[in-house]
Amino acid sequence: MGCGVSGVGKLISGAKMSVNYREKIAQWAYKEFVDFDTIPPDSDVLAYTKALLICANGDGKLAPAEKNWGIGFTAAKGASDKII
């Protein structure tokens, strides 16, 4: 009894996501959440991620949960490995 989604086992086991899937995820996420028609360049994604983590560190302590959320949020939008 499968779920009909090929490759899920590979993703769960930690295999790297193909660029094609990452790009499709990013296209969907940016259109769905901020109505962008194009994926921002890595330089913009990196700047946004840094700003997000700086804000999370506003109390002078970046808790592991805050750091993990910021990285996860960035990864969920299809960011490249070099940013994550």
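The values are calculated or read from the model by the stated rules, or taken from the named source; none is laboratory data. Here the structure is a predicted model, which means the values were calculated and not measured. All Cβ positions, even for glycine, are placed from backbone atoms using ideal geometry, and neighbour counts span all protein chains on display.
See the values below:
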{"quantity": "Pairs where the first residue, in region 23-42, is free of Cβ contacts under 8 Å to residues at least 40 places away in the same chain and under 15 Å from Ala79 (Cα atoms) and the second is assigned to a helix (DSSP H, G or I) and among the polar types (S, T, N, Q), C-beta under 8 Å, 6+ apart", "calculated": "Ile39/Gln27"}
{"quantity": "Search result, residues across region 9-35 that are of a type in the set (D, E, K, R) and either modelled with pLDDT under 60 or under 13 Å from the mean Cα position of the chain (by Cα) (or both)", "calculated": "Lys10, Arg22, Glu23, Lys24"}
{"quantity": "Residue match in region 56-68 (condition: loosely packed, with under 11 Cβ neighbours inside 10 Å, among the acidic types (Asp, Glu) and modelled with pLDDT of 90 or more)", "calculated": "yes"}
{"quantity": "Within region 43-60, tally of residues that are farther than 12 Å from Thr74 by Cα, polar (S, T, N, Q) and assigned to a helix (DSSP H, G or I)", "calculated": "1"}
{"quantity": "Number of the exception - Phe73 against (1) touching a Leu at 6+ places or on another chain (Cβ under 9 Å); (2) in a loop (DSSP other than H, G, I, E, B); (3) within 25 Å of Val19 (Cα to Cα)", "calculated": "(2)"}
{"quantity": "Residue list for region 49-67, filter: closer than 22 Å to Val34 by Cα and out of contact with any helix residue (DSSP H, G or I) (no Cβ under 8 Å at 6 or more places or on another chain)", "calculated": "Lys50, Ala51, Ile54, Cys55"}
{"quantity": "Selection from region 36-55 of residues that are under 15 Å from the mean Cα position of the chain (by Cα) and surrounded by 12 or more Cβ atoms within 10 Å (Cβ to Cβ)", "calculated": "Ile39, Pro40, Asp42, Val45, Leu46, Ala47, Tyr48, Thr49, Lys50, Leu52, Leu53"}
